[in-house]
Structure formats: C-alpha cells, structure tokens
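Visitor: Below: one structure in structure tokens.
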Amino acid sequence: GEVLEAMDEWNTTHHGKSGLTERVKASTTDVAAAETAVLQFLAAYTKAGESPLAGNSVHQDRAFIDRYMPRLATYLHYRNVDVSTVKELAKRWYPELPPFEKQEAHRAMSDIRESVAELKYYREKIFRGT
C-alpha cells in the first residue's frame, strides 16, 4: 500500500517490469514480519550495533529501513559499506581494470550474493595488488 504508492518513477517502472511489484502485492509477509525475520537472522551472527549495512547504493535501503523498520535501524551499525563507492573509486583510480560483470536480477538474495562477489572482485584486483 503506502510504500508502493510512494515509489518514484524509476522504481515504479523498473520493479513493475521485473515483476517485483506484483510479488510484493501477493506476499503475505508484511514489513513488521520482515523486520523481525531480519533481526532474528542478524542476532544469530552479530551483536546490536556491530553490523554495518552493506551492498550497492545502500543509501536507499538505509532510508527505507530508517522509515519503516526502526528496530532494525537501531540494531545496525550507523556506518554503511557501499560497494558502489568502491566501484566508483576503482573506475577513477584504476581505469584499466575490467568492470565487474553484473547480472542485475534485483532480487534480494541474488543482489546480496552479487554485492559480495563484486566486493571480493575489488579486494582481489585492487586491495591485494594482484
């Protein structure tokens, strides 16, 4: 309802074409239940305040979490690990480096795996000097 109606044009078009909007509408999981599930997962691996939010362009995710998932916002560390920032630095500082090839599925688990793989790519190619 409210969240879908507040989407900007890019999100409305992109997530409409991918089918994500319809999947959200058909879901029986509400925001509160999703927040609880994420908190339970994080609590199994981290303490409150330890885990930064990580991924690509996570400022949008952080804004959503701050607005709709306040318990999760409090649990997360205030810092972000934004893979997109590393990518932008790599493009400028290492222009000869081939870009990381993304699949761009825009589904939560595939995006998480892709962000981890992308950060590993930069670690191996830049931070380890190989």
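Visitor: Kindly indicate whether residue 48 is among the aliphatic types (A, V, I, L, M), over 17 Å from the mean Cα position of the chain (by Cα) and either at pLDDT 95 or above or surrounded by fewer than 13 Cβ atoms within 10 Å (Cβ to Cβ) (or both).
Guide: yes
Visitor: Another question about this same structure. When the stretch 68-84 is examined, which residues are found to be surrounded by 12 or more Cβ atoms within 10 Å (Cβ to Cβ), part of a helix (DSSP H, G or I) and either modelled with pLDDT under 95 or not β-branched (Val, Ile, Thr) (or both)?
Guide: Answer for the stretch 68-84, where residues must be surrounded by 12 or more Cβ atoms within 10 Å (Cβ to Cβ), part of a helix (DSSP H, G or I) and either modelled with pLDDT under 95 or not β-branched (Val, Ile, Thr) (or both): 68, 71, 72, 73, 75, 84.
Visitor: Right, another one. Of (1) part of a helix (DSSP H, G or I); (2) within 17 Å of the chain's Cα centre (by Cα); (3) surrounded by 13 or more Cβ atoms within 10 Å (Cβ to Cβ), residue 41 satisfies all except one. Which?
Guide: (3)
Visitor: Another question, then. Could you please let me know if residue 73 is closer than 27 Å to residue 8 by Cβ and under 17 Å from the mean Cα position of the chain (by Cα)?
Guide: yes
Visitor: To continue, here is another question. Of the conditions (1) in a loop (DSSP other than H, G, I, E, B); (2) among the basic types (Lys, Arg); (3) closer than 22 Å to residue 117 by Cα, residue 87 clears all except one; give me its number.
Guide: Here residue 87 meets the rest and fails (1).
Visitor: Right, something else. Among the residues of the stretch 44-58, which ones are farther than 25 Å from residue 6 by Cα and either assigned to a helix (DSSP H, G or I) or in contact with a strand residue (DSSP E or B) (Cβ under 9 Å, 6 or more places away or on another chain) (or both)?
Guide: 52
Visitor: Mind listing just one residue for me: the one in the stretch 90-103 that is in a loop (DSSP other than H, G, I, E, B) and among the charged types (D, E, K, R) and, of those, nearest to residue 39 (Cα to Cα)?
Guide: Residue satisfying both the conditions and the ranking: 102.
Visitor: Also: Which condition breaks for residue 61 when tested against (1) in a helix (DSSP H, G or I); (2) closer than 29 Å to residue 125 by Cα; (3) modelled with pLDDT of 95 or more?
Guide: (3)
Visitor: Considering only residues that are polar (S, T, N, Q) and surrounded by fewer than 17 Cβ atoms within 10 Å (Cβ to Cβ), which ones fall in the stretch 85-129?
Guide: Hits for the stretch 85-129 are 85, 103, 110.
The values are calculated or read from the model by the stated rules, or taken from the named source; none is laboratory data. Because the structure is predicted, anything quoted here is derived from the model rather than measured. We place every Cβ from the backbone using ideal geometry, glycine too, and count neighbours over all the protein chains shown.
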